[in-house]
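Working notes, structure below.
The values are calculated or read from the model by the stated rules, or taken from the named source; none is laboratory data. Since this is a predicted model, take the numbers as computed values, not measurements. With ideal geometry, Cβ positions are generated from the backbone for all residues, glycine too; neighbour counts draw on all protein chains shown. To get the accessible areas, we keep the full protein, side chains included, count just its heavy atoms, and leave off ligands, DNA and RNA. Shrake-Rupley method; radii C 1.70, N 1.55, O 1.52, S 1.80 Å.
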Amino acid sequence: MRIDLTGKRALVLGASGGLGGAIARGLGEAGARVAVSSRSGDKLASQFPDAGTYPRIVADLATPGIGRTIAAQALDVLGGVDILVNNSGGPPPTTALGATEAQWRAQFDAMVMALVDLTGALVPGMRERGWGRIVTVASSGIVAPIPNLALSNALRSALLGWSKTLAGEVAGDGVTVNLVLPGRIATSRVEALDKANAQRSGRSLEEVAAAALATIPAGRYGAPEEFAAAAVFLASPQASYITGTTLRVDGGALRNV
Ligand SMILES: NC(=O)c1ccc[n+]([C@@H]2O[C@H](COP(=O)([O-])OP(=O)(O)OC[C@H]3O[C@@H](n4cnc5c(N)ncnc54)[C@H](OP(=O)(O)O)[C@@H]3O)[C@@H](O)[C@H]2O)c1
């Protein structure tokens, strides 16, 4: 099986690094033209210097109403969007009672509302063409909530309910809607979380990483490219009958079926 996305147009959010960057690269390598978006034009330009294959859209998902604006820019630069990868920045670590109302609202806007709006603006074109792929990056925390990541656990569970509902609404039009759940994939976000954990618990970074590794049957953190491979597959023509599902990419870390 060879994944060929020649002629497909993709939009990837959170694409200047980490998981989004690896997904954008994977889609581009499979032949798609990929609009890459994040807050930093400089980071996007250094990661994706070929603006012909990877046009850049600089936008902050925390800006009210930004979902529609990004959608309009993507349609303008690509002429249509066949593959949408919903990926946001991660929220700060906090206990369930530790976040302020302002934090809950701001993170809801950036992590949920912006993606819902953006998707709503792009789905009609996909339905008209009878082909579309929506892949949303969530977290293993929606299956087994992760201590001290209450904002992530809660808001990504909202994305789960939304994604599954949408999948049922558009399946008959050739549009698939799925979530990919990272366990611990080695990115700057995971490094920052490990550092914060070490500081909080008074342990060394090595001790924190060793404790995390002990919970992963594969015995290592995943590579961004391993995560991207799952997302690219879900975005491919071959994944046409897979919708409304969640795909774990966690080296076996989630122990339940
Ligand atoms: N890595 C993992 O193992 C893992 C596990 C569970 C969940 N996740 C979640 O998956 C997502 C991606 O993870 P990652 O590890 O790739 O994170 P990352 O390395 O921190 O990358 C996040 C990306 O999102 C962009 N971004 C951040 N805030 C943004 C905003 N307000 N508006 C627009 N773009 C924004 C960043 O670029 P700019 O700075 O240029 O904006 C960057 O490209 C995160 O939400 C993370 O919480 C990751």
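Between 0 and 90 degrees, rounded to the nearest ten: what's the tilt of helix 18-29 against the longest Cα principal axis of the chain?
So the helix axis and the longest Cα principal axis differ by about 30 degrees.
Taking Cα centroids, how far is the stretch 56-104 from the stretch 9-51 in Å?
15 Å
Under the 0.36 nm per residue contour assumption, what length would be gained going from the current alpha-carbon distance of Ala192 and Arg127 to full extension?
Working: separation 65, 0.36 × 65 = 23.40 nm, distance 3.95 nm.
Gain on extension, Ala192 to Arg127, equals 19.5 nm.
What does the charge count near Pro49 come to, summing +1 for each Lys or Arg and -1 for each Asp or Glu among other residues with Cβ under 13 Å from its Cβ? Kindly include the intermediate steps, with their values, before the conclusion.
Details: positive: Arg25, Lys43, Arg56; negative: Asp42, Asp50.
Overall, the nearby charge balance is +1.
Find, among the trypsin sites (Lys or Arg not before Pro) in the stretch 1-106, those assigned to loop by DSSP (not H, G, I, E, B) with at most 11 other beta-carbon atoms within 10 angstrom.
Working: sites: Arg2, Lys8, Arg9, Arg25, Arg33, Arg39, Lys43, Arg56, Arg68, Arg105; in loops: Arg2, Lys8, Arg39.
Listed in order of number, the matching sites are Arg2.
Sum -39500 (n - 2.57) across every DSSP H segment of at least 4 residues in the chain, then divide by the residue count to get the 222 nm mean residue ellipticity, nearest 500.
Numbers: 9 runs with 111 residues, N = 257.
After summing the helix terms and dividing by the residues of the chain, the value is -13500 deg cm²/dmol.
Taking springs between alpha-carbon atoms closer than 10 angstrom, which of Leu27, Leu19, Leu155 fluctuates most in the Gaussian network model of the chain?
Judging by the Gaussian network model, the answer is Leu155.
Once you have the Cα-Cα distance between Arg220 and Asp42, take 0.36 nm times their residue separation minus that, and quote the gain in nm to one decimal.
My answer for the length gained is 61.0 nm.
Just flag the trypsin sites (Lys or Arg not before Pro) in the stretch 117-221 sitting in loop per DSSP whose Cβ has no more than 15 other Cβ atoms within 10 Å.
On the way: sites: Arg127, Arg129, Arg133, Arg156, Lys164, Arg184, Arg189, Lys195, Arg200, Arg203, Arg220; in loops: Arg184, Arg203, Arg220.
Passing sites in the stretch 117-221 are Arg203, Arg220.
At most 15 other Cβ atoms within 10 Å and a DSSP loop assignment: could you name the chymotrypsin sites (Phe, Trp or Tyr not before Pro) in the stretch 214-257 that fit? Numbers along the way, then the final one.
Values: sites: Tyr221, Phe227, Phe233, Tyr241; in loops: Tyr221, Tyr241.
Here the chymotrypsin sites (Phe, Trp or Tyr not before Pro) that fit, given the DSSP loop and packing criteria, are Tyr241.
Determine how large the accessible area of Asp109 is when every protein chain is in place; take a 1.4 Å probe and give Å² rounded to the nearest 10.
Asp109 has an accessible surface of roughly 70 Å² with all protein chains in place.
How much net charge surrounds Tyr221 when only the other residues with a Cβ under 15 Å from the Cβ of Tyr221 are counted, with Lys and Arg +1 and Asp and Glu -1?
On the way: positive: Arg184, Arg189, Lys195, Arg220, Arg248; negative: Glu191, Asp194, Glu206, Glu225, Glu226, Asp250.
After counting each charged neighbour, the total is -1.
Normalise the Debye intensity by I(0) for the chain, one equal point scatterer per Cα, no solvent, then take log10 at q = 0.11, 0.14 Å⁻¹ and round to two decimals.
Taken in order of the listed q values, log10 I(q)/I(0) reads -0.56, -0.93.
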